[in-house]
Each structure stands twice: as structure tokens, then as C-alpha cells.
1. May I ask you to order 14-20, 71-77 by the average number of other C-beta atoms within 10 Å around their residues, highest value first?
2. Under 12 Å from the 7 Å Cα→Cβ point of Asp163, by amide nitrogen: which residues of segment 223-264?
3. Just add up the charged neighbours of Ile311: K/R +1, D/E -1, any other residue whose Cβ is under 13 Å from the Cβ of Ile311.
4. Given the options Gly322, Gly183, Gly167, state which has the largest fluctuation in a GNM of the chain using a 10 Å cut-off (strictly under) for Cα springs.
5. For Ala283 and Ser230 in one chain, what is 0.36 nm times their gap in residues minus the Cα-Cα distance, to one decimal in nm?
6. Could you give each residue of segment 292-304 its phi-based ³J(HN,Hα) in whole Hz, using Karplus coefficients 6.51, -1.76, 1.60 with θ = phi - 60°, and x for Gly or Pro?
7. Along the Cα-to-Cβ line of Ser335, 7 Å from the Cα, sits a label point; which residues in segment 71-89 have backbone N less than 19 Å from it?
8. Run the simple label-point estimate for Ala290 and Asp153 please: 7 Å along Cα→C-beta, distance reported in nm.
Amino acid sequence: MSSPVVLGIESSCDETGAGLVREGRLLGHAVASSMAEHARFGGVVPEIAARAHIHALTPVVEEALAGAGLRMSDIGAVAVTTGPGLSGALQVGVSGAKGLAYALGVPLYGVHHLAGHVAADTLAHGPLPDPCVVLIVSGGHTSLLLVRDLARDPIVHLGDTLDDAAGECFDKVARVFGLPYPGGPAIDRAARAGNPGAVPFPRPLTGPRDDPYAFSFSGLKTAAARWAESRPAGGLPVADGAASLQEAIADVLTRKAVAACAAYGVGTLVVVGGVAANSRVRALAEQRCAAAGITLRVPPLGLCTDNGAMIAAVGDLLVRAGAEPAPLELSIDPSAPL
Ligand code: KG4
Ligand code: ZN
């Protein structure tokens, strides 16, 4: 018997995503973002995000189905992000998923948002080798993970950020530099015209006595803010600041990720999450992995940022592993640990 089409729903932050996956194959997906509505506040406003999910959920599910040439009745299982994330936002996705699963009479699966980011790469490059090291870098997370079988084995947390996530650092520094929100892509663009060696920003937690897999970005954020404040009014060399900040973040992230692969004898590094879209993070990861004989896997940009396909990918793995579906009482877990 062939496995069912799995609908994945993601609504943990400002993106409403729906994706359809069957036996490891992406059939279609759609994403709506409320990012523009948050721009004037300089960050995601939870209440606005939750309302936007209510409006976007049905249209994105319909758009994903239309793109895949499928109908609602073709859905054989529903997977949904239960956390971590914004509670109001998560609640919209989980309620919608429950309603659909109940109406269609199909099993429901709760999915951890970060497991989704990890699984995103399987849709582009096939099953993940066991084991592999995964660097998750987004606006909410910066973690190094040791991943075995996603559907069966717990993910091992090698290290985490002690304060800000890398994406948060990009977003906050961009604001100080007068760049638009979201800051990551804006810094990436501004950096193209800058010199990455112009400002010697610190490389936090890279000393011999530091935890090799822990990260810290709040000091870097402060260093970038101080540097910007020390410039004469109107004379801020934004391109140089952006290139130097991006270089510092990319350096720390890739150095630690490659070191984790070497320490655990792992031959594959997977980089996922919104910050994996950063051009310098990608280039430096490629360079350092090639030098260390490590295979690098980075999903295409559309699967790096939050989306429903990655949640469907985990649901599909769970279905095929024979995992127990969730009860209809499935609740959200906004501060879910990994
Ligand atoms: O994974 P994601 O869409 O959402 C979560 O945080 O879960 O990641 C969003 C983050 C934001 O901080 C955004 O600024 C950052 O990813 N980002 C980038 C780039 N594109 C997105 N950061 C640096 N360079 C980029 N090109
Ligand atoms: Zn995410």
C-alpha cells in the first residue's frame, strides 16, 4: 500500500505555510507572509501574526493543493507545527489542522518546528545520512544538532546560543544601521558593496577555553551598535559595517559547525533556517566543508525559511515509520524544548 499524501501546516511565526509531501517527494507548497504588516514595528507583533494566519490558512492550503493538482479529499494525513513559536500564531495552525483532520477522517501529527527545518533538506536532496550534523540558524534559533533517524531517534543538542539567535543579531543590527526589516536580507544586500575586513568585530566564544558548540551574539550586536554610534552623523559606512558583521557571524557559525563534524566523525553538514539563505554563510560553509572533506547540504532558499513543506516532510517520515498519531486534544507547546 502506498503511503498517503501528507498536508503540513506551519504557523509558528509570521509565515503561514502549507505543503504536500508523499514518500519523501514534495508535491506542492504555498506560503503567505505577514512580514510587511510587522515592518513598521521593527519586529513580529504576535497579535498581528495570529490574525494574519486566520486569513491566510485556507487560501494557502488551497493554493498548495492547486499547485500539486490535488483536491482536499486526496489528503491522507495532516501534520502541524505545535512549537516552539508564538502561542496565538501556533493556535491558529493547530486548530485548523485539527478541523481538517477531523473533517477528512485522517490521522493528525504534531511536529516540532526545528525538526521541520532539518527535514526541509530531504525534500531537495533525499534522505539524510545517519548521522549528520545540522546547523539551524534562524531568527529564533541558533543550534548545532546531531541528527540520526528523524522519525525514531531523539535529536541530540550539541550546542545553542546563550543569548540572541544569529538572525536576531542580523535584524537588530540592521535596524541600528538604518536598514529595513527583516534585517538579514538587507545586510546581505548592503554587504555586497562593503569590505568584510573593514571592522574587526569580535568572534564570540571561539577561544580555547570556550564551549566549542555554544554561540553568543548579543556582544556582537552591542559591538556593532557602538561602532555605528562612534561614526560622525551622516557618515556611517553601512556597506563596510554590514560586510564585517556578516563575516563575523558566518565565520563563527561555520567554524563551529565544521569542528562539530570533525569531533563526531560526521561526514555531512546540513545548514537550515532563514540565515542559511545568507550568501556569505553559504560561501564560507562551502569553502570550509570542501577543505575538511565534508559534504555540505543546504536546501534551496524557499525551503530554508519557514514553510509548510518542511512540516509535511516530518509528517511523511512519521507516517512511514508507523508513528502513533496525535489525539484530537493535541495542544500547542510554544516553548517546546528540542
Ligand atoms: O527560519 P526563519 O524564516 O524564521 C524563524 O526565525 O524561524 O528565519 C528568519 C530569519 C530572520 O532573522 C532573517 O533576518 C534571517 O532569517 N534571514 C537572513 C537572510 N534571509 C533571512 N539572514 C541573513 N542573510 C539573509 N540573506
Ligand atoms: Zn523557523
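1. Working: 14-20: 28.9, 71-77: 15.1.
Result, highest mean first: 14-20, 71-77.
2. 223-226
3. Computed value for this residue: -4.
4. It is Gly322.
5. Details: separation 53, 0.36 × 53 = 19.08 nm, distance 3.05 nm.
Stretched out fully, the Ala283 to Ser230 stretch lengthens by 16.0 nm.
6. 9, x, 9, 7, 9, 10, 10, x, x, 3, x, 9, 6
7. 82-89
8. Going from the Ala290 label point to the Asp153 one covers 3.0 nm.
Only the coordinates and a few stated rules stand behind these numbers; no lab work does. None of the values given here were measured: they were computed from a predicted structure. Every residue, glycine as well, gets a Cβ built from its backbone with ideal geometry; the counts of neighbours run over all protein chains shown.
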